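Undergrad: Questions regarding the structure given below will be posed in turn.
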Amino acid sequence: MSDQQPEPFDATGDATGDETGDATGDEFDAIVDAETDRDPDLAVIEAGSRTLRTQAGPPRGDQVPRRPADPEVDKALREVEQELAGRWGETKLEPSVSRITALMDVLGEPQRAYPSIHITGTNGKTSTARMIEALLGAFELRTGRYTSPHVQSVTERISLDGAPIDAERFIATYRDVKPYVDMVDTAQEYRLSFFEVLTGMAYAAFADAPVDVAVVEVGMGGSWDATNVIDGSVAVVTPIDLDHTDRLGTTAAEIAGEKAGIIKQGATVILAQQPVDAAQVMLKRAVEVDATVAREGMEFGVASREVAVGGQLLTLRGLGGEYEEVFLPLHGAHQAHNAAVALAAVEAFFGIGAEHARTLDAKTVRSAFASVVSPGRLEVVRRSPTVVLDAAHNPAGARAAAEGVTESFGFSRLVGVVGTSADKDVKAVLEAFEPIFTEIVVTQNSSHRAMDADELAAIAVEVFGDERVVVEPRLDDALEAAITLAEEEAEYSGAGVLVTGSVITVGEARLLLGRD
């Protein structure tokens, strides 16, 4: 349908057909001059983005990075990781942006060097960020993405042009900001935390690149999150549910109050489907700061979806019109909704629905979505039997994963491998998986936050019954036990294994299964 609409909006400003070689001054002028039917300011901005893109080269594949092959680089990276690990972890917080504000000040406000899209919510933030990044990259904007937590390597958290920054650049960025970090540590009551230092590194790396736009995921909450020193012109709110209740609140409305803090004066808010009380809080905040709101199910959404081999086929209704035949190589209805949110966010960034009453170029949108990867989100890492990884760690995430597995895979028998953190609503997570797991192998990951396997087993027995629960404290033994159970009888040739419960569990399983 969108192909037949007049004047599709090609955000690249590509009127020359020449996407090779260096963008000289003459070429820059030619690009701008060719855009006579476009907003001249927008044409200049986008032509400038093309010059950066030709220097940077095409987007690289977004893979989970391996350890550096060079022993010296690996040693240096381990030293940086060790220094970062010596700071407050991500679960120890002093709710304030005073330290990160001080760091930005001594660094020269790098977060002001580019526009930003800021993402909060309970579930779906990282996948949505990856989709936004893919769309912006397809329209030839140079992107920086900051997400958390990581699956396997801390370098995953900071991406440029669709791929994690390499170890050498990560190390160099840390060394560049460290003297300023030390200055702030000395002046503040508390030292900068692990997350605050990484946030400073990300913003500095983006300014140094330089990027055209940053896609930034909050760490926790919003108002006092370290990322919230940016002025996101687009604020994205993925579905809100109960998580981190000890810090954010015990109701959806209380949690929404914290997350609404990312909505800045005059911003555009892309609001995924929310509980009514959470939506009310978000809308009230938008009114207070004169922000424009686009709501899923009203101004944009998923018009249709069907399961396809390797993912799903979507028709998305954006702010400017419909986009048909969009293939998304991710599983589950929740990912379709994430795609709709991501598309609306990018449309809003380009002014569609406000300055422009047009769609983005449909072919470019299709190409972008077809390229999306999201490691550890219903990710198949082995066949015969099929082993799927999903980082669900709260009840809402577990319900979405259970629905996605049921819809997309049709296993005749599914064995779960579950290792959780001790501070989660573990019983509710297990209850979400109970209808789809034939057996469950409980285990624990290497994190100090991991729930003890025997303690987890006691809760699992309450939910599944003693006969369906197997205990294997070591993750490698748990994987082997689950695969053996899946292979045990010929009639279960359609059996599978789902590894879940924590991002850390999924990351360690990914390594053990040889996926990198």
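Undergrad: Pick from THR155, THR143, THR126, THR120: which is over 14 Å from VAL215 (Cβ atoms) and either under 9 Å from the mean Cα position of the chain (by Cα) or open to solvent by less than 10 Å² (accessible area, probe 1.4 Å) (or both)?
TA: Details: THR143 fails: over 14 Å from VAL215 (Cβ atoms); THR126 fails: over 14 Å from VAL215 (Cβ atoms); THR120 fails: over 14 Å from VAL215 (Cβ atoms).
Selected residue: THR155, the only one of THR155, THR143, THR126, THR120 that is over 14 Å from VAL215 (Cβ atoms) and either under 9 Å from the mean Cα position of the chain (by Cα) or open to solvent by less than 10 Å² (accessible area, probe 1.4 Å) (or both).
Undergrad: Is it the case, given these coordinates, that ASP246 is surrounded by fewer than 21 Cβ atoms within 10 Å (Cβ to Cβ), closer than 19 Å to SER98 by Cα, modelled with pLDDT under 95 and not aromatic (Phe, Trp, Tyr)? Before you say what the answer is, go through the steps one by one.
TA: Values: surrounded by fewer than 21 Cβ atoms within 10 Å (Cβ to Cβ): yes; closer than 19 Å to SER98 by Cα: no; modelled with pLDDT under 95: yes; not aromatic (Phe, Trp, Tyr): yes.
Taking the combined requirement at face value, the residue does not satisfy it.
Undergrad: From VAL415, VAL380, grab the single residue that is modelled with pLDDT of 90 or more and in contact with a helix residue (DSSP H, G or I) (Cβ under 8 Å, 6 or more places away or on another chain). First the steps, then the outcome.
TA: Working: VAL380 fails: in contact with a helix residue (DSSP H, G or I) (Cβ under 8 Å, 6 or more places away or on another chain).
Matching residue, one of VAL415, VAL380: VAL415.
Undergrad: Of all residues in region 360-380, which are more than 20 Å from HIS334 (Cβ to Cβ) and either in contact with a Lys or Arg (Cβ under 8 Å, 6 or more places away or on another chain) or not aliphatic (A, V, I, L, M) (or both)?
TA: ASP361, LYS363, THR364, ARG366, SER367
Undergrad: Hey, can you tell me all the residues within region 334-366 that are under 22 Å from VAL237 (Cβ atoms), modelled with pLDDT of 95 or more and either open to solvent by 30 Å² or more (accessible area, probe 1.4 Å) or small (Gly, Ala, Ser) (or both)?
TA: ALA336, HIS337, ALA339, ALA340, ALA342, ALA344, ALA345, ALA348, PHE349
Undergrad: Please go through region 59-77 and give me each residue that is at pLDDT 95 or above and open to solvent by 100 Å² or more (accessible area, probe 1.4 Å), ordered by number.
TA: Within region 59-77, GLU72, LYS75 meet the criteria.
Undergrad: Within region 477-491, is even one residue farther than 19 Å from PRO375 by Cβ, among the aliphatic types (A, V, I, L, M), open to solvent by 30 Å² or more (accessible area, probe 1.4 Å) and at pLDDT 95 or above?
TA: no
Undergrad: Right, next: Which ones in region 381-399 are free of Cβ contacts under 8 Å to residues at least 12 places away in the same chain and of a type in the set (S, T, N, Q)?
TA: Within region 381-399, SER384 is the sole residue that qualifies.
Undergrad: Another one. Might you let me know whether region 316-324 holds any residue that is over 28 Å from GLY266 (Cα atoms) and either free of Cβ contacts under 8 Å to residues at least 24 places away in the same chain or open to solvent by 10 Å² or more (accessible area, probe 1.4 Å) (or both)? Steps first, answer last, please.
TA: Let us first name the residues in region 316-324 that are over 28 Å from GLY266 (Cα atoms), namely 324.
Now drop any that are not either free of Cβ contacts under 8 Å to residues at least 24 places away in the same chain or open to solvent by 10 Å² or more (accessible area, probe 1.4 Å) (or both), which leaves 324.
Scanning region 316-324, I find at least one residue that is over 28 Å from GLY266 (Cα atoms) and either free of Cβ contacts under 8 Å to residues at least 24 places away in the same chain or open to solvent by 10 Å² or more (accessible area, probe 1.4 Å) (or both), so the answer is yes.
Undergrad: Looking at (1) more than 21 Å from GLU508 (Cα to Cα); (2) in a loop (DSSP other than H, G, I, E, B); (3) open to solvent by less than 20 Å² (accessible area, probe 1.4 Å); (4) of a type in the set (A, V, I, L, M), which is the only condition LEU93 fails?
TA: Only one criterion in (1) more than 21 Å from GLU508 (Cα to Cα); (2) in a loop (DSSP other than H, G, I, E, B); (3) open to solvent by less than 20 Å² (accessible area, probe 1.4 Å); (4) of a type in the set (A, V, I, L, M) is unmet by LEU93, namely (3).
Undergrad: Mind checking which pairs have a first residue in region 109-127 that is at negative phi and a second that is among the basic types (Lys, Arg) and assigned to a loop (DSSP other than H, G, I, E, B), Cβ under 7 Å, 6 or more apart or different chains?
TA: SER127/ARG377
Undergrad: Report whether or not VAL463 is without any contact (Cβ under 8 Å) to a residue 60 or more places away in the chain, outside any loop (DSSP other than H, G, I, E, B), aliphatic (A, V, I, L, M) and surrounded by fewer than 22 Cβ atoms within 10 Å (Cβ to Cβ).
TA: Working: without any contact (Cβ under 8 Å) to a residue 60 or more places away in the chain: yes; outside any loop (DSSP other than H, G, I, E, B): yes; aliphatic (A, V, I, L, M): yes; surrounded by fewer than 22 Cβ atoms within 10 Å (Cβ to Cβ): yes.
Judged against the criteria, VAL463 is a match.
Undergrad: Which residues, counting only those in region 158-194, are under 17 Å from VAL73 (Cβ atoms), out of contact with any strand residue (DSSP E or B) (no Cβ under 9 Å at 6 or more places or on another chain) and open to solvent by 20 Å² or more (accessible area, probe 1.4 Å)?
TA: Answer for region 158-194, where residues must be under 17 Å from VAL73 (Cβ atoms), out of contact with any strand residue (DSSP E or B) (no Cβ under 9 Å at 6 or more places or on another chain) and open to solvent by 20 Å² or more (accessible area, probe 1.4 Å): ASP166, GLU168, ALA172, ARG175, ASP176.
The values are calculated or read from the model by the stated rules, or taken from the named source; none is laboratory data. Treat the numbers as computed from the prediction; the structure is a model and nothing was measured. Positions of Cβ are backbone-derived with ideal geometry, glycine not excepted, and every protein chain shown enters the neighbour counts. Heads up: the accessible areas ignore ligands, DNA and RNA and are worked out on the full protein's heavy atoms, side chains in. Shrake-Rupley method; radii C 1.70, N 1.55, O 1.52, S 1.80 Å.
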